[in-house]
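FYI, it's all coordinate maths here, none of it is from the lab. Treat the numbers as computed from the prediction; the structure is a model and nothing was measured. So basically every Cβ, Gly included, is an ideal-geometry build from the backbone, and we count neighbours across all protein chains shown.
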Amino acid sequence: MNALTRAATAYWQSSIGKKLIVAITGLAMVLFLAGHLTGNLLIYAGREAFNEYAEFLHNAGHGALIWVARIGLLVVVVLHVWATILLTRENKAARKHEYEYQATIQASKSSRLMIWSGTTILAFIIFHLLHFTVRVTYNDADFVDPLNPERFDAYGMVIRGFEAGFFNFIVVVFYIIAMTCLCSHLSHGVGSIFQTLGLRSKKAQGLIHKISVGYAVAIYLGFISIPIAIFLGFVK
């Protein structure tokens with residue numbers, strides 16, 4: 001093991017190293033969510049716009065970039081959850097002193113539940129990938145774009161995935177629960193990113209809190225609006 005490897009291992013094992021990994025991976029997911037939501041909202045623009053967007057993503061880099069993005073996102077999520085779990089264990093081990101226990105009692109509910117919301121979000125990501133990426137319940141031949149027979153009808157697949165029905169009702173409920181966990185996570189996590197990266201000060205604390213909450217609310221309303229609108233028949 002060379003000096004660089006030993007230094008990297010030591011940094012990873014330190015609390016500061018884990019917090020930095022949580023912050024960097026968290027920032028990557030924050031940026032991804034904004035971009036992903038922007039694309040998903042094209043469902044309201046109709047079949048043509050949404051399918052053109054889906055086709056662009058799948059053809060970018062001759063089809064390679066979409067898989068690079070998927071694998072990269074999965075690595076980011078796993079690292080984020082793993083580092084968070086390790087930090088949570090360290091914090092529990094450190095609660096042997098009274099003043100540390102009191103600090104924990106005073107922590108926000110979203111902060112204390114971050115480990116559980118993070119695990120729920122990870123489970124949802126796996127389900128979401130199986131549902132719309134791997135398409136374990138769908139046959140591609142069932143979705144041919146009526147406006148372009150040579151193109152996959154991603155729009156139709158999303159409609160099928162959330163349209164009214166008992167199974168889809170469960171899917172929509174799970175989607176809303178996952179988004180609730182996600183936004184609870186975001187409302188605390190975005191501010192923590194600023195703090196870990198040294199961008200948070202007492203003067204800017206109020207503004208950063210507003211940005212965190214505002215971002216979380218926007219992401220929440222944007223994402224849950226899609227399955228609800230489709231299930232209720234507003235988007236067909």
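Couple of notes before you dig in:
- Relative packing of peptides 51-62, 178-189 - highest average C-beta neighbours within 10 Å first: 178-189, 51-62
- For the range 17-33 versus the range 142-207, the gap between their alpha-carbon centres in whole angstrom: 17 Å
- ³J(HN,Hα) computed for each position of the range 215-222 - Karplus, 6.51 cos²θ - 1.76 cosθ + 1.60, integer Hz, glycine/proline x: 5, 4, 5, 4, 5, 4, 5, x
- ³J(HN,Hα) computed for each position of the range 145-151 - Karplus, 6.51 cos²θ - 1.76 cosθ + 1.60, integer Hz, glycine/proline x: 4, x, 8, 8, x, 8, 10
- Distant-in-sequence amide contacts of Val144, defined by a placed amide H-H separation under 5 Å and a gap of 5 or more residues or a different chain, comprise Asp153.
- Restricting the calculation to Cα atoms, every distinct pair contributes to the Kirkwood radius of the range 17-231, found to be 19.1 Å.
- Per-residue 3J(HN,Hα) values for the range 17-33, derived from phi via the Karplus relation 6.51 cos²θ - 1.76 cosθ + 1.60 with θ = phi - 60°, read x, 5, 5, 5, 5, 4, 5, 5, 5, x, 4, 4, 6, 4, 5, 4, 4 Hz in sequence order (x marks Gly and Pro).
- Pairwise Lys count, the chain - Cα closer than 18 Å, eight or more residues apart or different chains: 5
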